[in-house]
Amino acid sequence: MFDDIQKLEEQAVQAINKAMDLDTLRKIETEYTGKKGSITLLLKGLGKMAPEERKAAGMACNNAKQAVLSASEFRKNEITENEIKKQLDAPGFDPTLPSIPVKQMSGNFHPVSTISFSVEKVFEKLGFKIPDYFEVESEWFNFEALNIPGDHPARDMQDTFWLKNGSLLRTHTSPGQARAMKEFKPPFRAIFPGRVFRYERTDASHEHTFHQVEGLMIDKNLSVSNLIAIMKLLLEAIFEQEITIRLRPGYFPFVEPGFELDIQCMTCGGSGCPVCKHSGWVELLPCGLVHPEVLKAGGLDPDEWTGWAFGLGLTRLAMMKYKINHITHFMSGDLRFLSQFKAGGAR
Amino acid sequence: MKVSWNWISKYAELEGIDPIELSRQFTLSVAEIDEVYKTGEGLDNCFVVRVDRVETHPGSNKLKLATVSGGTINRTVVCGAPNVREGMITVLADEGSVVKSSSSEPFVIGKAVIRGVESTGMLASPMELGLGDNHAGIIELPPETETGKRFHEVAPVKDVIWEIDNKSLTHRPDLWGHSGIAREVASLCGRKYLPVSPDIVFTDDDPLTVKNSATDLCPRYTAFTMSGISIGPSPLWIQILLYNTGMRPINNVVDFTNYSMLTTGNPLHAFDRRDIHNSYIEIRTAKEGENIITLDQTDVKLNTSDLLITDSEGGIALAGVMGGLNSEVKDDTADIVLEAANFHAGTIRKTAVRAGIRTESSARFEKSLDPEMAQITGYLFARLVLDYIPGAGVSSKFYDEGNWKREPVIISISCDFIRNALGLEIANEKIISILTSLDFAVSEDRGNLIVRVPSWRATKDISIKEDLVEEIGRIYGYDNIPPQLPSVLLEKPWSLDVKNLQKIITDVMVLELGFTEVMNYSFDKLKYLKALGIGTENLLELANPVSKEEPVLKTDLIPNMLGNILLNENRCEQLRIFEMGRVFIQQQQDLPKQPRMFSFIIGDSQIKNQDDLFYNAKYCIETVIKRIERGNCEIKPCTTELPWIHPSKSADIIVSGEKTGYISMINPVAQKAMEIQMPFALCSINLDLLSSIQKSIHQFEPLPKFPAISYDVTVIVEPTVRAGEIIEILKEVEPELIHNVRCVDYFEGEKYAPKRALSFRMDFIHSSRTLKQEEVNEIHTQIVKKLSISVEGQVMT
Ligand SMILES: [Zn+2]
């Protein structure tokens, strides 16, 4: 009896060690330890034995079964590793063979890109430059250069992602203002779109990473009247319809005077609805005339130069335009969301 | 902040102005009003009545029958209130009144039969009249209140409340009280402003010692004592105004401090005079290890930058934030010390944030209040006590300690500057009248203005010319400025090369190659890094990561894109995604390097031969490189080592001789570790490198004058011989004659094993004549020979 068990185990382990692929291995495993496997059958046959003998034989059977299974597990790992090794070592693989054209498929622009491209197109036609600035910024460009001093609440830990080395993830596209003033000789006009970061919890309308576009124009004698005209022109180009806007005082350290720009609610046309919280207006963007301290930080003489600036939330604009109700879709990588946006084109 | 129109109307002549209409203009010119609502609606039929008689209800021992009178009213109503008694003055809500129920649903009063007794109207509790949550009994009015009047004629219950967005007031310390709002409203409406100007006579009966040892953090500390006070309820009208602006009426002293604060914006604090040891008050910074227990019973551990109000024993108030429990006004308080101070904004904010105690007081001091307001507010409080607490009096002199007097802020500005900045033709007179209406002192000399800024606007709000431009613009109305596009000089066009590349590539990927653009976070997930065997030592670490799982900035787009596959692979057979964006590489000094990368992934769960995906990816990148005119694209042995790069099924992408990226089958080890099922290939390009490559415009090739002869050759070689090698060999056989050599097919299988067969196609073209058959044969012979020598190739016939 015990010899039989011993023999079966040896046979099984031998077969297992010879197996070259997982399929064979699985078959061998079943052959010995499956429902009708030979070790299992042996175990079932113990019923006729005397009790003490049966106990000892049962133990031996179980030990043998365990031995077979662990040998099989070990071999399984060996085979997988060998397979990967074989895959890794492919001397015959020739990258210079002819490429294979991809089958026709429908691609999709990211909705934030589409919105950004449409804003860029409008401003390009008006002769605006479109530079691209750093996402990891220095405290100086993100705050000091924007007239946000050290004890300002905006600089609290709670709004900003700080790096351990003291730099930060830009909290807005505005650090580009001083960078643009240093890069281009005035007069100039530029917009700079890009991703920005806020240290906050995410929910339906809050996201720690989103996109903005900053607009900046530096010239002599720029006025609030110019700013209103440009903003109206931009928004009508984006929404492809007549837009009514209004400015109201808004406080931002880097503009003076500073404004909140509202647009008349496009859902209700101004008569009031849940979208506009029954006010008829939707707050869209902050803007204003560039603060003299910011001009100075950019190396310009505020007695000679004037400017206006705005910061437009591209993510928010996309949500408004496509009626997207949850901001976290944008960075989700979920193709069920991303493949809904077929229109557009970068150029 | 809630603002009451009745309250504003005490400080400006506003008869006939519609507060609802005006709220729109206020939003456009001053600060955003979130909500406007009326109070006291439905109370028109509420009358002041006297309870003449109280009898028991025949059908209930809890209910009573109250006979009330006032004017034409004389009737008996059923009343369940425990406090109803003969002689009290209260309010009858008559038929048609709309009162609040305890579920705050409106409830219309009518006729009712209560336990067999008919009753019309009811005696109302403060809650039912919309005046708080007190529903324990009916409202009790002062005994001198005239009966028969409508309730809203004797109490300011009918009001319009503006709920102003606090954020839009952060830079306006002068607007945190009703008198400041009234000044703006008066200016907007062209009406007269009525400043707060109480007059108080002080004595010297109860001397204090007031020592200001921190004049930089406490520019002004004023205090005085009052005696003979009896604590009780404040007048109904004050309770109503407080309640309608979001404050709970407590008792007269507390209500008066709140009322004074909500009038001028300057918080006050009253101490119980008994608890000020040795009549000594000192303002100083806290000592190391010192603490104070505030009114809300919080034990606040202080540090040396916190400002503390102390007596001879220790802290009695956490300056500007909250009073101390040890000196609070109690029910039996008869004498008080009233503090009216001005504190440094940043200090109060830091202390409040750190202690986690944000109060109406700290919210106001954080805005940089005008030190002038301290005195006015203290006086206002004293006036209320003298007027409404019989027997109370001022018992000390007015202590005023600090260093707060500043030179007034004077701004020189020309009217032309204002006109230019606004882009608006506005007359000098109009400019001056706007400034004057806001209490700026203006002197004019031929369009040049010397403007003195009032103290309440000078603390941080207004200091430069541009600030005055805003004053003119907002009061004049931005809607009244005609939009005018700026005129500019033409200039040379400029565009950022890498940006142009990004746009072309995006279009090619989406429109031509069928990819979907993804955007991933700029952080790496530890889970992915671990699976890929990437350590975090050289990564840029966040001091305050969004989660412990994403503590570092990404150095590559690929890991998060692998996450995209995981998310989507079960929902699609074919997956084509690309991303463009910055990654972050640590540098010794300065900001990190932030190269712009472009990566794509092409996967197919149904593909028969997985390696085909590599050649699909190769097709895509070749297509992209063709479209951007940066010269030729070569595929060279891979020199890049990354966990996801396959050691043998990968290649570098060389554009015009420069290595700009790589293309690879997924490394099976990485794939297994990431638990991705779908087979895929990936490609990554450094866009900054790519854009640094000189643009190379394809030059026209003259069309052949003589017919080209298409020639195919198939050669059997060892599997290690690369098709690319053979192409180079073929080109060199007759460089003048052989053109367009390309590999068109390859065959593996038993027939050739272990070797394989590669097919090439090329054109033979002679520039000046048609090639003869013998010449073609001759080239063929050369090709056979050359392939045999160089790669031991055997040409199939
Ligand atoms: Zn609406």
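Bear in mind that the values in this text are calculations on the coordinates, not laboratory data. Just so you know, these numbers come straight off a predicted model, no measurement behind them. Quick reminder, even Gly has a Cβ in these numbers, built from the backbone with ideal geometry, and neighbours come from all protein chains shown.
Relative to the compact globular guide of 2.2 N^0.38 Å, what is the alpha carbon radius of gyration of segment A:2-89, as a ratio? Could the numbers behind the result be given before it?
Working: Rg = 15.3 Å, N = 88, 2.2 N^0.38 = 12.1 Å.
The value comes to 1.27.
Write down the Kirkwood hydrodynamic radius of segment A:222-283, to one decimal in angstroms, obtained as one divided by the mean of 1/r over all alpha carbon pairs. If you can, show how the numbers build up before the last one.
Numbers: mean 1/r = 0.0803 Å⁻¹.
It works out to 12.4 Å.
At q = 0.14, 0.19, 0.20 Å⁻¹, what is the log10 ratio I(q)/I(0) for segment A:97-198, with the Debye formula run over Cα points and no solvent?
Cα-only, vacuum Debye calculation for segment A:97-198: -0.69, -0.98, -1.04.
Counting Lys and Arg as +1 and Asp and Glu as -1, what is the net charge of the other residues whose Cβ lies under 11 Å from the Cβ of B:T257? Could you put the intermediate results ahead of the total?
Details: positive: none; negative: B:D255, B:E339, B:E360.
Computed value for this residue: -3.
Quote the relative contact order of segment B:543-696 in percent (integer), defining contacts as alpha-carbon pairs under 8 Å separated by 6+ residues.
Details: 264 pairs, mean separation 35.0, N = 154.
23 percent.
Over the Cα atoms of the protein assembly as shown, how large are the radius of gyration and the largest Cα-Cα distance (Dmax), in Å?
41.4, 137
FRET efficiency for A:I84 and B:D612, Cβ-Cβ distance as r, R0 = 25 Å, nearest 0.05? Before the final figure, lay out each step's value.
Working: r = 20 Å, r/R0 = 0.80.
That pair, A:I84 with B:D612, gives E of 0.80.
Within 10 Å of each residue's Cβ, count the other Cβ atoms and sort A:I324, B:I276 from fewest upward. If you can, show how the numbers build up before the last one.
Numbers: A:I324 17, B:I276 24.
By the 10 Å Cβ count, ascending: A:I324, B:I276.
Taking the Cβ of A:V102 as the centre, find all other residues whose Cβ is under 12 Å away and add up their charges (Lys, Arg: +1; Asp, Glu: -1).
Numbers: positive: A:K103, B:R576, B:K618; negative: B:E512, B:D604, B:D612, B:E622.
Net local charge, A:V102 excluded: -1.
Near A:L284, within a Cβ-to-Cβ distance under 15 Å, what is the net charge of the other residues, with Lys and Arg +1 and Asp and Glu -1?
Working: positive: A:K232, A:R246, A:R248, A:K277, A:R316, A:K321; negative: A:E214, A:E236, A:E260, A:D262, A:E283, B:E32.
Here the count lands on 0.
Can you give the translational diffusion coefficient of segment A:112-338 in µm²/s, computed by Stokes-Einstein from the Kirkwood radius over Cα pairs at 37 °C and 0.692 mPa s? If you can, show how the numbers build up before the last one.
Working: Rh = 18.2 Å.
Once the numbers are plugged in, D ends up at 181 µm²/s.
Just to verify a number: FRET efficiency for B:D18 and A:D151, C-beta to C-beta distance, R0 = 51 Å, to 0.05?
0.75
Take the alpha carbon gyration tensor of chain B, find the square roots of its eigenvalues, order them as a ≥ b ≥ c, and report rounded if a/c is under 1.5; if not, report prolate when a/b exceeds b/c, else oblate.
prolate
For segment B:1-127, what is the convex hull volume of its Cα atoms per residue in Å³?
Residue-normalised Cα hull volume stands at 155 Å³.
Kindly provide the GluC sites (Glu not before Pro) of segment B:559-664 that DSSP labels as loop, not H, G, I, E or B, and whose Cβ sees at most 10 other Cβ atoms within 10 Å. Intermediate values should be presented prior to the final figure.
Numbers: sites: B:E569, B:E573, B:E579, B:E622, B:E629, B:E634, B:E641, B:E658; in loops: B:E569, B:E573, B:E629, B:E641.
When the GluC sites (Glu not before Pro) of segment B:559-664 are filtered for loop state and at most 10 Cβ neighbours within 10 Å, B:E641 remain.
For B:D332 and A:S205, what is the calculated FRET efficiency with R₀ set at 60 Å and r taken between the beta-carbons, to the nearest 0.05?
Values: r = 51 Å, r/R0 = 0.86.
That pair, B:D332 with A:S205, gives E of 0.70.
Starting from the Cα of A:N17, step 7 Å along the direction of its Cβ; do the same at B:T72; then give the gap between the two resulting points in nm.
11.6
For segment A:339-347, in order, what is each residue's ³J(HN,Hα) by Karplus, 6.51 cos²θ - 1.76 cosθ + 1.60 with θ = phi - 60°, in whole Hz (x at glycine and Pro)?
Result, rounded to whole Hz: 7, 8, 10, 8, 6, x, x, 6, 10.
Give, as ranges by residue number, the residues of segment A:70-90 whose backbone N falls under 18 Å from the point 7 Å along Cα→Cβ of A:T40.
A:70-73
Using only Cα atoms, find the angle between the long axis of helix A:51-88 and the longest principal axis of chain A, and express it within 0 to 90 degrees, rounded to the nearest 10.
Roughly 40 degrees, rounded to the nearest 10.
Check which residues have an amide H placed less than 5 Å from B:V91's amide H, if you skip close sequence neighbours.
B:V49, B:A124, B:I139
Which shape class applies to segment B:644-734: rounded if a/c is under 1.5, otherwise prolate when a/b exceeds b/c and oblate if not, where a ≥ b ≥ c are the square roots of the Cα gyration tensor eigenvalues? Kindly include the intermediate steps, with their values, before the conclusion.
Working: a/c = 2.88, a/b = 1.48, b/c = 1.95.
In terms of gyration-tensor shape, oblate.
Taking amide H atoms as placed 1.01 Å from N in the peptide plane, list the residues 5 or more away in sequence, or in a different chain, whose amide H sits under 5 Å from that of B:N212.
Those lying under 5 Å, H to H, from B:N212 are B:I283.
Could you give each residue of segment B:737-748 its phi-based ³J(HN,Hα) in whole Hz, using Karplus coefficients 6.51, -1.76, 1.60 with θ = phi - 60°, and x for Gly or Pro?
For segment B:737-748, the Karplus-derived couplings read 9, 8, 10, 6, 6, 8, 7, 10, 6, 8, 10, 10 Hz, x marking Gly and Pro.
Amide H of A:G272 versus every other amide H placed in the peptide plane: which residues, excluding those fewer than 5 positions away on the same chain, fall under 5 Å?
It is A:G280, by chain and number.
For B:T225, B:T170, A:T96, which order do you get if you count the other beta carbons within 10 Å of each Cβ and list the fewest first?
Exposure proxy ranking, most exposed first: B:T170, A:T96, B:T225.
Over segment B:551-648, what per residue volume does the convex hull of the Cα atoms give, in whole Å³?
Values: hull volume 14.7 nm³, N = 98.
Looking at segment B:551-648, the number lands at 150 Å³ per residue.
Would you calculate a helix-derived [θ] at 222 nm for chain B, using -39,500 (n - 2.57) for each DSSP H run of n ≥ 4 and dividing by the full residue count, to the nearest 500? Kindly include the intermediate steps, with their values, before the conclusion.
Details: 20 runs with 204 residues, N = 797.
Calculated from helices alone, the mean residue ellipticity at 222 nm is -7500 deg cm²/dmol.
Please compute the contact order of segment A:112-338 in relative form: average sequence separation of alpha-carbon pairs under 8 Å and at least six residues apart, divided by the residue count, as a percent. Could you put the intermediate results ahead of the total?
Values: 433 pairs, mean separation 49.3, N = 227.
Once divided by the residue count of segment A:112-338, the mean separation gives 22 percent.
What is the ratio of the Cα radius of gyration of segment B:62-110 to 2.2 N^0.38 Å, where N is its residue count, to two decimals? If you can, show how the numbers build up before the last one.
Numbers: Rg = 12.0 Å, N = 49, 2.2 N^0.38 = 9.7 Å.
After normalising by residue count via 2.2 N^0.38 Å, the value is 1.24.
Quick one: Kirkwood hydrodynamic radius for segment B:410-555, alpha-carbon pairs, angstrom, one decimal?
Evaluated over segment B:410-555, this radius sits at 21.4 Å.
What's the Cα-based Rg to Rh of segment B:714-797, Rh via Kirkwood?
Using Cα coordinates only, the ratio equals 0.99.
Going through the DSSP H helices of chain B, which span 24 Å or more along their own axis at the Cα atoms while scoring at least -1.0 as a mean Kyte-Doolittle hydropathy?
Values: long enough: B:372-388 (25 Å, 0.57); B:773-791 (27 Å, -0.23).
Helices meeting the span and hydropathy rule in chain B are B:372-388, B:773-791.
What distance in nm separates the simple spin-label points at B:T781 and B:R571, each placed 7 Å from Cα in the Cβ direction?
Distance between label points: 6.6 nm.
Between the DSSP loop rule and a limit of at most 16 other Cβ atoms within 10 Å, which GluC sites (Glu not before Pro) in segment B:29-84 are left? Intermediate values should be presented prior to the final figure.
Values: sites: B:E32, B:E35, B:E41, B:E55; in loops: B:E32, B:E41.
Sites meeting the loop and neighbour criteria: B:E41.
Could you check the simple spin-label distance between B:F706 and A:S339, using points 7 Å along Cα→Cβ, in nm with one decimal?
5.4
Restricting to Cα pairs below 8 Å that are 6+ residues apart, what does the relative contact order work out to for chain B? Please round to a whole percent.
On the way: 1577 pairs, mean separation 66.1, N = 797.
Result for chain B is 8 percent.
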